[in-house]
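Q: Sharing a structure with you now.
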Amino acid sequence: MAGRRVVFVGIATRWGAELGRRLERDPAIDYVAGIDTAPPPADLERTDFIEADIRSPLLSRLLPGTEADTIVHCGILWYPEPGKPGRVLHDVNVIGTLQLLAACERTNTLERLIVRGSAAIYGCEGATPYFFTEPMARTLPLRTRFQRDISELEAYIENFARRHPDVVCCTLRYQPEIGPELDTPLGRYLQLPVVPTQLGWDPRLQLLHAVDATGALDAATRSPTRGAVNVAPSGSISLSHILRLMRRPALPVPHPLFGPALERLGRRIGAGPLYGDGVRLLRFGRGVDNTRLIEGIGYVPRFDAESAIRDFAQKSRGRRIGPSIHPGDLIGRVAGATR
């Protein structure tokens, strides 16, 4: 580890800032830098902030000058954020990754490339394996824009790895994260006073605790393994069990009305919309095998699928999402959203 120089993209994200904190505390790392269009949300003492847009060709001139041996891509967006509306997700995720790889081509000191990706590459369908292993990617239809974007950017990374066998390229396929301090559409959905569900479906889910999301990224940065690695808790948990642990009643809604109803409802009460991949996830579910994470990266998740939800439920209990709404009024709003 002596003399290592680490640059990560996405310093303005929670995951980039948390990674920066951990790397700063390691005296074996000589240099740390973060790239983004906005400064980090937390104070970082010895991390250089490089203001640049990942979609810009300017990255190819900036990155080689850092003499980085390790580059971590934390800048992939799963859903719109302030300043980054839905229409720019494709550009940031796909075009941005292409520009980053072009910059990596010109960084002669590069030894490791770690990408924080998504398990959405496995899709969400009815007849699926109980737990996907890494070779099973792209065996099912990719029906949403986000799923196809993840598949496309992974193809670019695989091509880069073939052309540069001296560089260890590791793609982390994350399941959705959850945690009391995280503000995500899925977390807000689970904290609604009455939770709309898809009539006749009870999906198996793996929601990764935020502690393990950061821990796995840190472990992969220090000891990556070649190829794709699933990042998920052990086991899975049904949505009905999640709602019992959250002490939230379910409101079954016919599938064709679920997506439009939830999107309109989210806007009305400030919970935010769930997008295409999230709607399919809440119908079919998705489980992935984390053997390579444990044996290849050497990271054992602290929370399994159920304990992650128990911790989230306990620490977020009493938290209000949006204005106070009587359950009966909420049902009326869901019904109105389908019209």
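The values are calculated or read from the model by the stated rules, or taken from the named source; none is laboratory data. Because the structure is predicted, anything quoted here is derived from the model rather than measured. Note: ideal-geometry Cβ built from the backbone for every residue, glycine included; neighbour counts use all protein chains shown. Each accessible area value is taken on the protein alone, full model and side chains, heavy atoms only, with ligands, DNA and RNA left out. Shrake-Rupley method; radii C 1.70, N 1.55, O 1.52, S 1.80 Å.
Q: What are the extents of the Cα atoms of the stretch 201-310 along their three principal axes, in Å, largest first?
A: 45, 24, 23
Q: Among the DSSP beta bridges whose two residues both lie in the stretch 7-119, what percent are antiparallel, rounded to the nearest 5?
A: 5 percent
Q: While we're looking at this one, here's another question. At 0.36 nm per residue, minus the direct Cα-Cα distance, what do L245 and E105 gain on full extension? Give it in nm, one decimal, please. Present the calculation step by step, with values, prior to reporting the outcome.
A: On the way: separation 140, 0.36 × 140 = 50.40 nm, distance 4.83 nm.
That works out to 45.6 nm of additional length.
Q: Counting only DSSP beta bridges with both residues in the chain, what percent are antiparallel, rounded to the nearest 5? Numbers along the way, then the final one.
A: Details: 3 of 42 bridges.
Taking every DSSP beta bridge within the chain, about 5 percent pair in antiparallel fashion.
Q: To continue, here is another question. Using only the alpha carbons of the stretch 63-171, what is the convex hull's orientation-averaged projected area in square nanometres?
A: Numbers: hull surface 30.8 nm².
With the hull built on Cα positions only, its mean projection is 7.7 nm².
Q: A follow-up question, please. Hey, what's the Kirkwood Rh for the stretch 1-40 if you take every pair of different alpha carbons, in angstrom?
A: Numbers: mean 1/r = 0.0987 Å⁻¹.
After inverting the mean inverse Cα-Cα distance, the result is 10.1 Å.
Q: How large, in percent, is the carbon and sulfur part of the accessible surface of the chain at a probe radius of 1.4 Å? Working shown, then result.
A: Numbers: 7180 of 14140 Å².
Answer for the chain is 51 percent, counting heavy atoms of protein chains only.
Q: If you don't mind, another one. May I ask you to give the average projected area over all directions of the convex hull of the Cα atoms of the stretch 128-189, in nm² rounded to one decimal? Don't skip to the end; give the middle numbers.
A: Details: hull surface 25.1 nm².
For the Cα atoms of the stretch 128-189, the hull's average projected area reads 6.3 nm².
Q: Can you sort E67, E45 by 1.4 Å-probe accessible area, starting with the largest? It would help to have the intermediate numbers written out before the result.
A: Numbers: E67 105, E45 175 Å².
The ordering from most to least exposed comes out as E45, E67.
Q: Quick one, what does Rg over Rh come out to for the stretch 129-250 if you take C-alpha atoms and the Kirkwood Rh? If you can, show how the numbers build up before the last one.
A: Working: Rg = 16.9 Å, Rh = 16.7 Å.
Over the Cα atoms of the stretch 129-250, Rg/Rh equals 1.02.
Q: Using alpha carbon coordinates only, what is the Rg to Rh ratio of the stretch 1-131, with Rh defined as the Kirkwood radius? Don't skip to the answer; put the middle values down first.
A: Numbers: Rg = 15.6 Å, Rh = 15.5 Å.
Expressed as Rg/Rh, it is 1.01.
Q: In addition: Using just the C-alpha positions of the stretch 7-76 as equal point scatterers, what log10 of I(q)/I(0) does the Debye formula give at each q in 0.19, 0.22 1/Å?
A: Result of the Debye calculation: -0.67, -0.90.
Q: Rounded to the nearest 0.05, what FRET efficiency do R264 and V300 have when you use their Cβ-Cβ distance and R0 = 25 Å?
A: Working: r = 42 Å, r/R0 = 1.66.
Between R264 and V300 the formula returns 0.05.
Q: Calculate, in whole percent, how much of the Cα-Cα pair population of the chain lies beyond 39 Å.
A: On the way: 7782 of 57291 pairs.
Here the tail beyond 39 Å accounts for 14 percent of pairs.
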